[in-house]
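The values are calculated or read from the model by the stated rules, or taken from the named source; none is laboratory data. Keep in mind that what you see is a predicted model, and the values were worked out from it rather than measured. Cβ placement follows ideal geometry from the backbone for every residue including glycine, while neighbour counts extend to all protein chains displayed.
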Amino acid sequence: MQNDIQIRTASAKDSDALLDLYAFLSPGDDRCTTARAAENIRRISQIEGSAVLLGLQQDKILTTCTLIVIPNLTRGGRPYAVIENMVTHPEARGKGLGTSLLDAACDRAWDNDCYKVMLSTGSTRPSTLSFYEGAGFEQSRTGFEKRRLPKRVE
């Protein structure tokens, strides 16, 4: 699907707009402070290859995800990447923006010699699972987690 999305990495100045967008991901979550968000964006960007990625139209942030590139001791020492906190504004869904952003995140991972990109979701909604499959992700593993905070409610 054609779209006119602009993709770039987040900076501290994007903190408030990002926090507004994350409210659609986890409506019941406590909101991060702007200062802490800015600091965490800075810290993520210091990890080689990693970034909070933004998808914008007309300078409005409509979709985001976080890509973390993790050094590795297997697969010949090639790193792997994890995508987290993927969300698209509800009014912008179904237009290919999220898929374009995920493609850009994967391209960034491949540019950093990652041998795989992992993404997990707590959602069981068929539309969410279909979205990730449509973006080229395969449901291929069994995941386990130990939580300190409760799961988000859909």
The listed residue being touching a Cys at 6+ places or on another chain (Cβ under 8 Å), more than 24 Å from Gly122 (Cβ to Cβ) and of a type in the set (D, E, K, R), out of Arg42, Arg8, Arg78: Arg78
If the requirement is being among the β-branched types (Val, Ile, Thr), in a loop (DSSP other than H, G, I, E, B), without any contact (Cβ under 8 Å) to a residue 60 or more places away in the chain and within 25 Å of Asp113 (Cα to Cα), which of these qualifies: Ile47, Ile41? Ile47
Could you give every pair whose Cβ atoms fall below 8 Å, whose first residue belongs to the stretch 124-146 and is without any contact (Cβ under 8 Å) to a residue 40 or more places away in the chain, and whose second residue is loosely packed, with under 14 Cβ neighbours inside 10 Å and part of a helix (DSSP H, G or I), counting only separations of at least 6 or pairs across chains? Gln139/Glu133
Just checking, which of Glu39, Glu48, Glu91 is under 25 Å from Leu129 (Cα atoms), among the charged types (D, E, K, R) and either touching a Leu at 6+ places or on another chain (Cβ under 7 Å) or modelled with pLDDT of 95 or more (or both)? Glu91
What number goes with the only condition from (1) under 27 Å from Glu48 (Cβ atoms); (2) surrounded by fewer than 18 Cβ atoms within 10 Å (Cβ to Cβ) that Ser127 does not pass? (1)
Considering only residues that are among the charged types (D, E, K, R) and under 16 Å from Ala51 (Cβ atoms), which ones fall in the stretch 66-112? Glu84, Asp103, Asp107, Arg108, Asp111
Which residues, counting only those in the stretch 75-132, are outside any helix (DSSP H, G or I) and among the polar types (S, T, N, Q)? Asn85, Thr88, Asn112, Ser120, Thr121, Ser123, Thr124
Conditions: (1) surrounded by 14 or more Cβ atoms within 10 Å (Cβ to Cβ); (2) touching a helix residue (DSSP H, G or I) at 6+ places or on another chain (Cβ under 7 Å). Tyr132 meets all but one. Number of the miss? (2)
